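Only the coordinates and a few stated rules stand behind these numbers; no lab work does. Computed from a predicted structure; not experimentally measured. As a convention, Cβ positions derive from the backbone with ideal geometry for all residues, glycine included, and neighbour counts pool all protein chains shown.
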Amino acid sequence: MYEQIETEHAPLPIGPYSQAIRANGFIFVSGQIPMDPETGTMVTGRAGEQTRQVMKNIAAILESAGSGLQKLVKTTIFLTSLEDFSEVNRVYAECLGDVKPARATVEVSRLPRDARVEIEAIALA
């Protein structure tokens, strides 16, 4: 069995998917782009600023499911330019502190709403 996770403290999905799903002791967080849930607008600017908003969104979703960033086991980062890798990596590390989940980072040609960064995550419930 699985449970759909939804919180108003993160952007609502812009398509036919859930913010996250809880299944078999894990929480699978859909890819998050830098949307501000309070204003419904995209955080623009440098990749680091966008990464900080994405991590806030992931944290809000995990917290609403009774989990948190400290329980992350795997993330995937999608960047529209690997030129942003260092900046994204720095902000990502700041947000996680001592937590170091498994991770992949890939460059893609484009992301929804022309975001520079999108991150999906898997955490323990």
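Per residue of the chain, the DSSP helices (runs of n ≥ 4 H) give a summed -39500 (n - 2.57) that works out to -8000 deg cm²/dmol at 222 nm. Among Lys74, Lys56, Lys100, a tally of other beta-carbon atoms within 10 Å of each Cβ gives an order, fewest to most, of Lys100, Lys74, Lys56. Fewest-first ordering of Asp84, Asp98 by other beta carbons within 10 Å of each residue's beta carbon gives Asp98, Asp84. Model label sites at Glu49 and Val106, defined 7 Å from Cα along the beta-carbon direction, differ in position by 2.9 nm.
Of all the options Asn57, Asn24, Asn89, the one that moves most in a Gaussian network model of the chain with Cα springs shorter than 10 angstrom is Asn24. Estimated at 0.36 nm per residue, the fully extended path between Ile21 and Asp114 surpasses their Cα-Cα distance by 31.0 nm. Could you please tell me the mean projected area of the C-alpha convex hull for segment 1-66, averaged over all directions and given in square nanometres to one decimal? Its average projected convex-hull area is 4.5 nm². The length gained by stretching the chain between Val73 and Asp36 to full extension, at 0.36 nm per residue less their Cα-Cα distance, is 10.9 nm. The GNM of the chain, with springs linking C-alpha atoms under 10 angstrom apart, assigns the highest mean-square fluctuation among Gly15, Gly68, Gly45 to Gly15. With viscosity 1.567 mPa s and temperature 4 °C, the Kirkwood radius over alpha carbon pairs of segment 55-125 converts through Stokes-Einstein to a diffusion coefficient of 103 µm²/s.
GNM remark for the chain: springs join alpha carbons under 10 Å apart, and the peak mean-square fluctuation among Ala102, Ala60, Ala20 falls on Ala102.
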